[in-house]
Each structure stands twice: as structure tokens, then as C-alpha cells.
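Visitor: Right, I'll just put the structure down here and ask away after.
FYI, it's all coordinate maths here, none of it is from the lab. Keep in mind that what you see is a predicted model, and the values were worked out from it rather than measured. Note that each Cβ is placed from the backbone with ideal geometry, even for glycine, and that neighbours are counted across all protein chains shown.
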Ligand code: SF4
């Protein structure tokens, strides 16, 4: 994919998603950290339901540590893998209290040293809480990178590095949330909604489903780019 196309993709995503930020509810960097740890292999929606009650009861490292393992599990038992996550959260809070004055650190190294925090979680915190232009490659970014050809790679690190190398500078800060939200609501894992997609003519996914209106309007598509792709009518009711 060339640089012009990449720029056009991010311009359109930014226009379509005016508020690219996390959907994990939080009122502080610490709450965000706990929510991100709990969100591994779980939905943001499910995490929000649990943390609304948890953060009312305890929203500092000391307060959550004081809940103890069973006390914390009471609040998060609706979330997948809650037992392992509860253990990590308690250990993480202990470390924040002992080594970081109960504050969330702002470097990759110190974040990744916290129990339950891997590269992806550290990237989310650095980007969302500390405004650093990091790219956290989750299932959505991995799928989208390989599907659209924005960033191809066999593993998350390769895809992250490709994104970092190729995303236009002005979009690096917001790219993570732009891509996550596009992947969550439009370029879904099963049945991507190509008919509603704002980058359908730019995406290089060979199995994308092109709405007829784009073809009729003669948008930048060649016969070659259309070959092998399914054509559908879109929801605007254009027939032909
Ligand atoms: S055109 Fe389809 S496959 Fe490509 S980004 Fe849009 S929804 Fe995803």
C-alpha cells in the first residue's frame, strides 16, 4: 500500500470517528490501568458493568489491595478469567504502593514490570493516559492491518512495527483508537460491513464486498481491483 492511500485512509477514519478514544469507562489513570488489565479477552461493555460497581467501592491501589482477593473477585466475577486477573490486580496494586507511591508509572519499562501488564496494556496506557504515539495491537488492529494491507505481519509485534513505521505522523496519536473503533463496529471479524465502510475503495482486502454505488460512481477502482470481489447493493437503495 502506498503512502497516499494510507494518508487518505486515516483522513477518512478521522472524519468518520470524531472522538477516537477508549470505550473503557475510567475517571483516573489508575482506573484505566485496572480496566485494561480486566479487558483481556473480554468486552469493554462487560468490563464497564463490573468496574462501575468496583470503582465506587475502591478506586485507589490501596483500596483495591485492601479488598483482598475474594473481595475483588466479588466485583469482577462476571469477567472471563476473573480469578487470574484478580490475582494480578492485587499484585499490581501492591507494587504500585510499594514502588511507585501509588501512582501509575509513565514508562514502558516500569509499566511492563507490573503484574498483569504486557506490551499491549502498556501501549494502551502510554497512548491513552500519557499521550504517547504508541500502537497497541489487539485482535482488531491485527485483523485490520492484515486485511486492509495497512500493516501486514505474522505476529502482533511485526504488525505493531509496521504500523509505527507507516502511519502518517499526524495520525500516530489517534491511530490506535481509530482502528479499534473501525474494527469493532465496521470491519468486524465475521461479515465486515464493507457496504457501510468509509474506506471501501482504498482497502486492499481481496474478499471485500463492494457496494454498487461505488462502482456506478466510477470511484477510483480499476477492473483489476474489482476482479474477485463481491458486488452488492448498498443500503442507499441504489439499483442497477
Ligand atoms: S472494505 Fe470491508 S474489509 Fe475493507 S476495511 Fe472496510 S469493512 Fe474492512
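Visitor: D for the chain, whole µm²/s, Stokes-Einstein with Kirkwood Rh over alpha-carbon pairs at 4 °C and 1.567 mPa s: what number?
Guide: Values: Rh = 19.5 Å.
After rounding, the answer is 67 µm²/s.
Visitor: Could you list 67, 164, 141 so that the one with the fewest beta carbons within 10 Å of its beta carbon is first and the one with the most is last?
Guide: Working: 67 19, 164 14, 141 24.
So the residues, fewest neighbours to most, are 164, 67, 141.
Visitor: Taking only C-alpha pairs under 8 Å that are 6+ residues apart, what is the relative contact order of the chain in percent? Don't skip to the end; give the middle numbers.
Guide: Details: 312 pairs, mean separation 43.0, N = 240.
Reported relative contact order: 18 percent.
Visitor: Hey, another quick one. Distance in nm between label sites at residue 110 and residue 130, each 7 Å beyond Cα in the beta-carbon direction?
Guide: 0.8
Visitor: Shifting gears a bit: Testing the spin-label approximation: label points 7 Å from Cα along Cα→Cβ at residue 78 and residue 56. State their distance in nm.
Guide: 1.2
Visitor: From the helices alone, meaning DSSP H stretches of at least four residues, give me the mean residue ellipticity at 222 nm for the chain, per-run term -39500 (n - 2.57), in deg cm²/dmol to the nearest 500.
Guide: On the way: 12 runs with 131 residues, N = 240.
So the calculated ellipticity at 222 nm is -16500 deg cm²/dmol.
Visitor: Can I ask one more? What is the fewest-to-most order of 55, 130 by other Cβ atoms lying within 10 Å of their Cβ?
Guide: On the way: 55 21, 130 14.
Ranking 55, 130 by Cβ neighbours within 10 Å, fewest first, gives 130, 55.
Visitor: Suppose R0 equals 45 Å; then what is the FRET efficiency for residue 157 and residue 49 from their Cβ-Cβ distance, rounded to the nearest 0.05?
Guide: On the way: r = 32 Å, r/R0 = 0.71.
After rounding, the FRET efficiency stands at 0.90.
Visitor: With equal scatterers on the alpha carbons only and no solvent term, can you work out the Debye log10 of I(q)/I(0) for region 55-140 at 0.14, 0.20, 0.21, 0.26 1/Å?
Guide: Normalising to I(0) and taking log10 leaves -0.52, -0.99, -1.06, -1.27.
Visitor: May I pose another question? For a footprinting-style exposure proxy, rank 159, 137 by other Cβ within 10 Å, fewest first.
Guide: Working: 159 22, 137 27.
Neighbour counts put them in this order, fewest first: 159, 137.
Visitor: When only C-alpha pairs under 8 Å and at least 6 residues apart count, what is the relative contact order of region 29-128, in percent? Let's see the in-between values first.
Guide: Numbers: 105 pairs, mean separation 30.2, N = 100.
That works out to 30 percent.
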